[in-house]
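Colleague: Have a look at this one before I ask anything.
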Ligand code: PLP
């Protein structure tokens, strides 16, 4: 399928980046399991190393199976170029590192996935890089935190696990008025629910491990470039060689050439293959995830053991109206958090589950729970946990696509077991 054709999302998600004639009539992309590629002539290998052809050289640099996934993601996000990587964290790291130099700053919402938070606040600190954390939904605070050293603004479309939804169009406008780009982690929303480029974002990041692959079989990440940001400004003098080489895709070239290749964050092609099998059903799965999540949220809301519930689909949620606008009434995501009496009640609830899996992942077609306070955030001190809204009474629930009656029945019988 020609990526430029304006098929609808349900069609694109299956056909983008491929056509039946591409691989001897095969309808599923092949796995190119080869470390390296033969070149007929020394001249061609030289041209390829100089970036003058798109031929493949070596798997750490590019791979044909990975490239098919890249083309599919470009079509779904409506960007201009993409690089897939070994994990979502590889994508977060490479995208940010391509922009940052020692002593630089960036502004980020404080509603961040745990490893992203640690990368920003601990790892980057070693290079005297300052991450200015402000309330993700407070656009004025984001603007106030920008100064002459700021290189970008970073935000999650739906914060994990805070479930808050920032106004991307407003934040993109603020970033651009200061001559800096907006980077968006679109993992929880997926391009089915939200396409950040349409709202003005410049770079989209994904953990493909979650909804995009959808079956808990593959780990991966992607950086997608809108190709729309002007990198020739004063703040980005270091982009000149990349602009000279790749023009509008200077940022992606910097991510790939300077970081992905040298950090060795290669995606194994089997992971791209598995991700693409999952991707075929993304639209259907998202519809069902979100339909089920809303029903589960309403079910939990009525249970006396549940002390609070945090799902943007509920009308009294602070992000409800921006979600409706930004996600064009398509839904509110497949994840939610809720409170029980205390940590003991959370553990009793988890131990009581019969159908739902207890594990550290989300976006799987199976329903999953975790108690973040005692697992992913166990080594965090309490003030930090509090600042990230990680409380001892909180359960995170990634609602799957099973029969919603069975999900609610399992939740209900496990809640019955809490005191
Ligand atoms: N971004 C978000 C929003 C996530 O939830 C995660 C993982 O849960 C990541 C990034 C990191 O992805 P990965 O586990 O594929 O490295």
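The values are calculated or read from the model by the stated rules, or taken from the named source; none is laboratory data. The structure presented is a predicted model; accordingly, all values stated were derived computationally and were not measured. Cβ sites come from the backbone with ideal geometry, for glycine too, and all protein chains shown count toward neighbours.
Colleague: Being part of a loop (DSSP other than H, G, I, E, B), closer than 30 Å to residue 371 by Cβ and over 10 Å from the mean Cα position of the chain (by Cα) is the filter here; which residues of the range 161-203 pass it?
Modeller: Scanning the range 161-203 gives 161, 162, 163, 164, 165, 166, 194.
Colleague: Another question about this same structure. Looking only at the range 342-351, decide whether some residue is within 16 Å of the ligand (Cβ to nearest atom) and surrounded by fewer than 23 Cβ atoms within 10 Å (Cβ to Cβ).
Modeller: There is no residue in the range 342-351 that is within 16 Å of the ligand (Cβ to nearest atom) and surrounded by fewer than 23 Cβ atoms within 10 Å (Cβ to Cβ).
Colleague: Does the range 13-35 contain at least one residue that is surrounded by 20 or more Cβ atoms within 10 Å (Cβ to Cβ) and more than 21 Å from residue 226 (Cα to Cα)?
Modeller: The answer is yes; a qualifying residue exists.
Colleague: Also: In the set 334, 352, which member is touching a helix residue (DSSP H, G or I) at 6+ places or on another chain (Cβ under 6 Å) and closer than 15 Å to residue 311 by Cβ?
Modeller: It is 334.
Colleague: Would you be able to say whether some residue in the range 82-89 is in the same structural domain as residue 159 (by TED's automatic domain parsing) and out of contact with any strand residue (DSSP E or B) (no Cβ under 9 Å at 6 or more places or on another chain)?
Modeller: No.
Colleague: Considering only residues that are in a loop (DSSP other than H, G, I, E, B), closer than 19 Å to residue 159 by Cα and without any contact (Cβ under 8 Å) to a residue 60 or more places away in the chain, which ones fall in the range 381-403?
Modeller: Scanning the range 381-403 gives 391, 392.
Colleague: Can you confirm whether residue 192 is within 14 Å of the ligand (Cβ to nearest atom) and out of contact with any strand residue (DSSP E or B) (no Cβ under 7 Å at 6 or more places or on another chain)?
Modeller: No, not satisfied.
Colleague: Still on this structure: So which of 106, 32, 113 is more than 20 Å from residue 253 (Cα to Cα), touching a strand residue (DSSP E or B) at 6+ places or on another chain (Cβ under 6 Å) and in contact (Cβ under 8 Å) with a residue 12 or more places away in the chain?
Modeller: 106
Colleague: Restricting attention to the range 300-312, which residues are over 22 Å from residue 170 (Cβ atoms) and either crowded, with 19+ Cβ neighbours inside 10 Å or out of contact with any helix residue (DSSP H, G or I) (no Cβ under 8 Å at 6 or more places or on another chain) (or both)?
Modeller: Those that are over 22 Å from residue 170 (Cβ atoms) and either crowded, with 19+ Cβ neighbours inside 10 Å or out of contact with any helix residue (DSSP H, G or I) (no Cβ under 8 Å at 6 or more places or on another chain) (or both): 300, 301, 302, 304, 305, 306, 307, 308, 309, 310, 311.
Colleague: So which residues in the range 94-151 are within 16 Å of the ligand (Cβ to nearest atom), farther than 21 Å from residue 223 by Cβ and in a strand (DSSP E or B)?
Modeller: Hit for the range 94-151 is 133, nothing else.
Colleague: Still on this structure, please answer the following. Can you tell me which residue within the range 196-219, out of those that are at positive phi and within 16 Å of the ligand (Cβ to nearest atom), is surrounded by the fewest Cβ atoms within 10 Å (Cβ to Cβ)?
Modeller: It comes out as 216.
Colleague: One residue is enough: does the range 269-289 have a residue meeting the conditions closer than 30 Å to residue 418 by Cα and not in a loop (DSSP other than H, G, I, E, B)?
Modeller: Yes, some residue in the range 269-289 is closer than 30 Å to residue 418 by Cα and not in a loop (DSSP other than H, G, I, E, B).
Colleague: Can you pull out every residue in the range 220-234 that is assigned to a loop (DSSP other than H, G, I, E, B) and away from the ligand (no atom under 16 Å from the Cβ)?
Modeller: Residues satisfying the conditions are 226, 227, 228, 229, 230, 231, 232, 233.
Colleague: Of the residues in the range 36-69, how many are part of a helix (DSSP H, G or I), away from the ligand (no atom under 16 Å from the Cβ) and surrounded by 17 or more Cβ atoms within 10 Å (Cβ to Cβ)?
Modeller: Of the residues in the range 36-69, 5 are part of a helix (DSSP H, G or I), away from the ligand (no atom under 16 Å from the Cβ) and surrounded by 17 or more Cβ atoms within 10 Å (Cβ to Cβ).
Colleague: Return only the number of the condition from (1) assigned by TED's automatic domain parsing to the domain that holds residue 100; (2) in a helix (DSSP H, G or I); (3) over 24 Å from residue 31 (Cβ atoms); (4) touching a helix residue (DSSP H, G or I) at 6+ places or on another chain (Cβ under 6 Å) that residue 260 does not satisfy.
Modeller: (3)
Colleague: Filter the range 79-93 down to residues that are buried (at least 21 other Cβ atoms within 10 Å of the Cβ) and not in a helix (DSSP H, G or I) and give me whichever is nearest to the ligand (Cβ to nearest atom).
Modeller: Once the filter is applied, the top-ranked residue is 85.
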